[in-house]
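Heads up, the thing below is written out as structure tokens.
The values are calculated or read from the model by the stated rules, or taken from the named source; none is laboratory data. Given the structure is predicted, the values throughout are model-derived calculations rather than measurements. Methodologically, a virtual Cβ is constructed for each residue, glycine included, from the backbone with ideal geometry; neighbour enumeration extends over all protein chains shown. These area figures cover heavy atoms from the full protein model, side chains too; ligands, DNA and RNA do not enter into them. Shrake-Rupley method; radii C 1.70, N 1.55, O 1.52, S 1.80 Å.
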Amino acid sequence: MKRRQFLKTAAVGAAAGAIASPAIAQSMPEVKWRVTSSFPKSLDTIFGASEVLAKAVAEATDNKFQIQVFAAGEIVPGLQAADAVTNGTVEMCHTASYYYVGKDPTFAFGTAVPFGLNSRQQNAWFYHGGGQALMNDFYKKYNIYSLPGGNTGCQMGGWFRKEIRTVADLQGVKMRIGGFAGQVLQKLGVVPQQVAGGDIYPALEKGTIDAAEWVGPYDDEKLGFNKVAPFYYYPGWWEGGALLHFFINQAKWDSLPATYKSILTTAAALANVDMQAKYDARNPAALKRLVGAGAQLRPFTPEVMEACLKAANEVYAETAAKNADFKKVYDAMVPFRNDQYLWWQIAEYNMDTFMIRARARG
Ligand code: CA
């Protein structure tokens, strides 16, 4: 009875006056941050991750910690988001780590590498396989602390104006594709092109480029590629599970009270799950509409896939020989991936395969 009375009194005390107490004031200060996204608002699934995070943080802190969201170009261009975090222009950004492979190829592992991890495996590696600690160790060079913040799932292999039946068909194909995947395809005769999202459609239409990869059905549909390049290839083996990240300026992260660090970490995890869920929920209908509008689905043949895997392994070996950070992360990721697929082939693969066949039978 005494204990209950004490608790009751304490609760009343907390409600009446404890908000002004130093401990609480210190853990819940007014903080205003800006997050610059690498993405336009039109990519609502990816851009939306910043909004999901900001809303969750504001709600959990009674609006004491506010994060204002800016689309690509509003503060800095999309591909300069990480620099804006490094130099403290903004407190944080939402971006794809692999946009910065020009600075160091090690950045690729933050998002996706050819024949790397799928989205479930990316989460397993980052949260429980040492991936996040390894990458944060690397990002420290750039004053960045990172939190996983969304995934597209396995992407499509892109839109081609003509069919790719053999490895020889890749020769001379001008394809809009960046980073590591571009280097891999270059070994097979593809000519990688850097083309901004909004310029892909006219380039395909004019024939300036022969192929382009973007994301998957939900995002690709908005850009209308099916009208100018009907062959829709899969899978996008360079992005088996493209993970997005929140990059946070290291000093700004260090300055947060423990409560806010915890809330921000939880909000990023929510955004991470939420994006993949949106893509998974929306892709089937988009795929049906695309096929209805003339898109012709084509798998990359086993011959093409094998040649790409071989070329990817060559690029990995060449890069690891020149870059110790890259080698360190690659040497950690590969055995993790191989063990993941050892497990995947048992329950997940068989369950999925059975259900896919059962659905096809009706
Ligand atoms: Ca892509």
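Looking only at the chain, where both bridge partners belong to it, what percent of the DSSP beta bridges are antiparallel (to the nearest 5)?
The antiparallel proportion sits near 45 percent.
Given a Förster distance of 22 angstrom, what is the FRET efficiency for Ile346 paired with Tyr234, based on the Cβ-Cβ distance and rounded to 0.05?
0.40
Rolling a 1.4 angstrom probe over the protein chains, ignoring ligands and nucleic acids, what is the accessible area of Lys252 in square angstrom, nearest 10?
Number for this one is 80 Å².
Net charge around Ser97, counting only other residues with Cβ within less than 15 Å of its Cβ (Lys, Arg = +1; Asp, Glu = -1)?
In short, -2.
Counting only C-alpha contacts under 8 Å and six or more residues apart, can you give the relative contact order of the stretch 131-256 as a whole percent?
Reported as a whole number, the value is 43 percent.
How large is ³J(HN,Hα) for each residue in the stretch 124-131, as worked out from phi by the Karplus curve 6.51 cos²θ - 1.76 cosθ + 1.60 (θ = phi - 60°), to whole Hz, x for Gly and Pro?
4, 5, 5, 7, 9, x, x, x
May I ask you to give the percent of accessible area on the stretch 294-362 that is carbon plus sulfur, with a probe radius of 1.4 Å? All intermediate terms of the calculation are to be shown ahead of the outcome.
Working: 2780 of 4590 Å².
So the carbon and sulfur contribution to the accessible surface is 60 percent.
Quote the charge dipole size of the stretch 253-362 about the Cα centre in Debye, to the nearest 20; the model charges only the Cβ of Lys and Arg (+1) and of Asp and Glu (-1).
Details: 14 positive and 12 negative charges, 118 e Å.
Taking the Cα centre of the stretch 253-362 as origin, the dipole is about 560 debye.
For the stretch 23-128, take N as its residue count and report Rg(C-alpha) divided by 2.2 N^0.38 Å. Could the numbers behind the result be given before it?
Values: Rg = 15.6 Å, N = 106, 2.2 N^0.38 = 12.9 Å.
Cα-based Rg divided by the globular estimate yields 1.20.
Once amide H atoms are built 1.01 Å from N in the peptide plane, which residues 5 or more positions from Gly216, or in another chain, come under 5 Å H to H?
Amide H neighbours of Gly216, under 5 Å, 5+ apart: Met156.
Hey, can you grab everything whose amide H is under 5 Å from the amide H of Phe300? Only 5+ residues off in sequence or another chain; H modelled, so Pro and N-termini drop out.
Amide H neighbours of Phe300, under 5 Å, 5+ apart: Tyr234.
Counting only residues 5 or more places away or on other chains, whose amide H sits under 5 Å from the amide H of Gly129 once H atoms are built in the peptide plane?
Amide H to amide H, under 5 Å and 5 or more residues apart or across chains, Gly129 pairs with nothing.
Less than 10 Å Cβ to Cβ from Val228, Lys/Arg counted +1 and Asp/Glu -1: what total charge do the surrounding residues give?
Details: positive: Arg161, Lys206, Lys227; negative: Glu205.
Residues close to Val228 contribute a combined charge of +2.
Below 8 Å between Cα atoms, with a sequence gap of 6+, how large is the relative contact order for the chain in percent?
22 percent
Taking θ = phi - 60°, what integer Hz values does the Karplus form 6.51 cos²θ - 1.76 cosθ + 1.60 yield along the stretch 154-164, in sequence order, with x for Gly and Pro?
Per-residue couplings from phi come out as 5, 8, 7, x, x, 9, 10, 6, 9, 6, 10 Hz.
Got the relative contact order for the stretch 16-152 handy, in percent, Cα pairs under 8 Å and 6 or more residues apart? All intermediate terms of the calculation are to be shown ahead of the outcome.
Details: 168 pairs, mean separation 29.9, N = 137.
Rounded, it is 22 percent for the stretch 16-152.
With just the Cα atoms defining each centre, how far is the stretch 83-142 from the stretch 226-244? Give it in Å.
Cα centroid to Cα centroid, the span is 21 Å.
By how many degrees, 0 to 90 and rounded to 10, does the Cα axis of helix 324-344 deviate from the longest principal axis of the chain?
Helix 324-344 sits roughly 80 degrees off the main axis of the chain.
Let me check I've understood the local charge: for Thr259, count other residues with C-beta under 13 angstrom from its C-beta, Lys and Arg +1, Asp and Glu -1. What total comes out?
Surrounding charge for Thr259 is +1.
Counting only pairs 8 or more places apart or on different chains, how many lysine pairs in the stretch 212-362 have C-alpha atoms closer than 28 Å?
So the count works out to 12.
Quick check: the angle from helix 258-292's long axis to the longest principal axis of the chain, C-alpha only, nearest 10 degrees?
Tilt of helix 258-292: around 30 degrees.
Taking Cα atoms of the stretch 254-362, Rg/Rh with Kirkwood Rh, to two decimals?
Here the Rg-to-Rh quotient is 1.08.
When N counts the residues of the chain, how does its alpha-carbon radius of gyration compare numerically with 2.2 N^0.38 Å, as a ratio?
Ratio of Rg to 2.2 N^0.38 Å for the chain: 1.11.
Which of the GluC sites (Glu not before Pro) found in the stretch 28-130 are loop residues per DSSP with 15 or fewer other Cβ atoms within 10 Å of their Cβ?
Glu30, Glu74
Can you tell which of Ala317, Ala242, Ala229 shows the greatest fluctuation in a Gaussian network model of the chain with Cα springs below 10 Å?
It is Ala317.
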